[in-house]
Ligand SMILES: Nc1ncnc2c1ncn2[C@@H]1O[C@H](COP(=O)(O)OP(=O)(O)OP(=O)(O)O)[C@@H](O)[C@H]1O
Ligand SMILES: [Mg+2]
């Protein structure tokens, strides 16, 4: 073992109570760092999950502009659509093939959507109809999970609507209701299920139909209006959307674009977190610097003796840097372990409904980062004391 | 001239305290021969410690020439002087001699272990041998803070010898000790001087200590009064 390491270790263990307090102080800052990191990351994960579990990660729609016709035999190109024509995707089966072979895409759901009115007696309510394949009713939003009455079964040709809309029209499961499409056709449909997702936009405005029922209502015998996609990792959606846009020439929108405020909110949280993290690290640096500086004053005579016997400035400086590193490392590992325990404990506290009290993610405490930053910060904190120690004048120190 | 270990020529040292200047050493000429045990005497404040610090390369003179083994030392850098101290010189001081958190053995080994970066078993062996020489091998694992004043000085003497120095400076090594311990320490220095031919320069107030040495150097009024 290098002799400087032995000396540094002896110095910090010689005054074990002071070292213990210092290490505890450092680890407390590390706990704060870990806690705030796990909380903010957890919150961001929670919010992102909440959002992405209910919406399409990527939406493919016909492009607004006329797509240029590419004459590449190997590649499929969406057929140009005139703006005067009805916007639709005619060759959607081919688009599905492309999407399926695109890495990262997990679910593809063809959709015929459009606006309509639900009419019951005198009352009329607007509704956004999503015509989906009955087997894919849960593909984008897990409607089955949120059904509060009836079923999510679409094969029977019924309509599934949100609870708020059902309340407004006094609709119950089994009640027939008249659906008037924006394009003219209308049809009497039974309510087969009522859901509550707890998203006003869904609960109040959206209804699900079998795609086959929706086709005549919106006069789309072959084409579809859009494709909803889920990807394995929602964070990859923008990159995958780019790939799809290039390979299909369809307008490809990742969920992030439609949820900018969520991104802004998590960014703002992240910045708040960075502040607190910065202060925690600053507290570590200051406490180590001041403790070691004090120690250089206390050990002046000893350092003087070392220098008198011809021990180099570098050796003295190294001993003090190493003390900082030791204290930092001890505090970092202790604090990281304690911080993890704290996060695990806090994450296990649940509210009455069984959901977590704090959306804390114990695995997201940035442990490696905080350990590295703490050790590096501690070494830097020791630079000033190390300089002070290595510049002790032996004659002055010994004569005192 | 070949017998001269350390040669000092016209060493002048002036301390400046703001406006005030004190000239402590006013032209010291001194040559220390190999193998001698020399005493440095003078009234309190006459400049004994100052001279030892200059000769021991701990302090630079205001002017003058200094040669060790016929090498001029005046133009060396601080780091080079430090290496010289480590490899060729030994020191025993009156106070604060040891590192209290280290054992007697570690204290002795320190000047050899730090520059090489390792506390090797050879260094330990040699340190133990020196502790044995100063009669403290049975205390080798005591912390320095657990030793008596006389024991500390003996450990300091052992430490001063770890790198086989040509010359050992001792600034009032017995000044802090009772008569018996002082005598023990002086006998030890004499013994080492005679068996190993190590050269000593010892500053002291104590005439009996000085009487034990081969030569006495006196500082009077900033100059050497007589050898
Ligand atoms: N750093 C300094 N700045 C100013 N004056 C100093 C300094 N060091 C020593 N002196 C002065 O130099 C003179 C000689 O001091 P020195 O310590 O060398 O004397 P000494 O002979 O060792 O005395 P003592 O026997 O009491 O130890 C004293 O007058 C002292 O005040
Ligand atoms: Mg003195």
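Here are the numbers:
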| item | result |
| --- | --- |
| Within segment A:362-400, considering residues that are within 14 Å of another protein chain (Cβ to nearest Cβ) and assigned to a helix (DSSP H, G or I), the one nearest to residue A:291 (Cα to Cα) | A:389 |
| Unmet requirement for residue A:310, which otherwise passes all of (1) in a helix (DSSP H, G or I); (2) closer than 30 Å to residue B:98 by Cβ | (1) |
| Failed condition for residue A:315, given (1) away from chain B (no Cβ under 12 Å); (2) surrounded by fewer than 23 Cβ atoms within 10 Å (Cβ to Cβ); (3) modelled with pLDDT of 95 or more | (1) |
| Filtered residues of segment A:131-148 (kept if assigned to a strand (DSSP E or B) and out of contact with any helix residue (DSSP H, G or I) (no Cβ under 8 Å at 6 or more places or on another chain)) | A:147 |
| Which numbered condition residue B:58 fails, given (1) part of a loop (DSSP other than H, G, I, E, B); (2) touching a helix residue (DSSP H, G or I) at 6+ places or on another chain (Cβ under 8 Å); (3) near ligand 1 (Cβ under 10 Å from one of its atoms) | (3) |
| Residue count for segment A:11-57, restricted to those that are without any contact (Cβ under 8 Å) to a residue 60 or more places away in the chain and crowded, with 17+ Cβ neighbours inside 10 Å | 1 |
| Leading residue by the ranking (nearest to residue A:317 (Cα to Cα)) among those in segment B:69-83 that are within 13 Å of chain A (Cβ to nearest Cβ) and outside any helix (DSSP H, G or I) | B:77 |
| Checking residue B:96 against (1) more than 7 Å from every other protein chain (Cβ to nearest Cβ); (2) touching a helix residue (DSSP H, G or I) at 6+ places or on another chain (Cβ under 6 Å); (3) under 14 Å from residue A:302 (Cβ atoms), the condition it does not meet | (1) |
| Wholly within segment B:111-227, strands (runs of 3 or more DSSP E) carrying at least 3 residues that are within 14 Å of chain A (Cβ to nearest Cβ) and within 16 Å of ligand 1 (Cβ to nearest atom) | B:167-171 |
| Test: residue in segment B:42-57 that is more than 16 Å from ligand 2 (Cβ to nearest atom) and within 7 Å of another protein chain (Cβ to nearest Cβ) | no |
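The values are calculated or read from the model by the stated rules, or taken from the named source; none is laboratory data. From a predicted model like this one, the values you see are computed outputs, not experimental measurements. Heads up, the Cβs are rebuilt from the backbone with ideal geometry, glycines too, and the neighbour counts pull from every protein chain shown.
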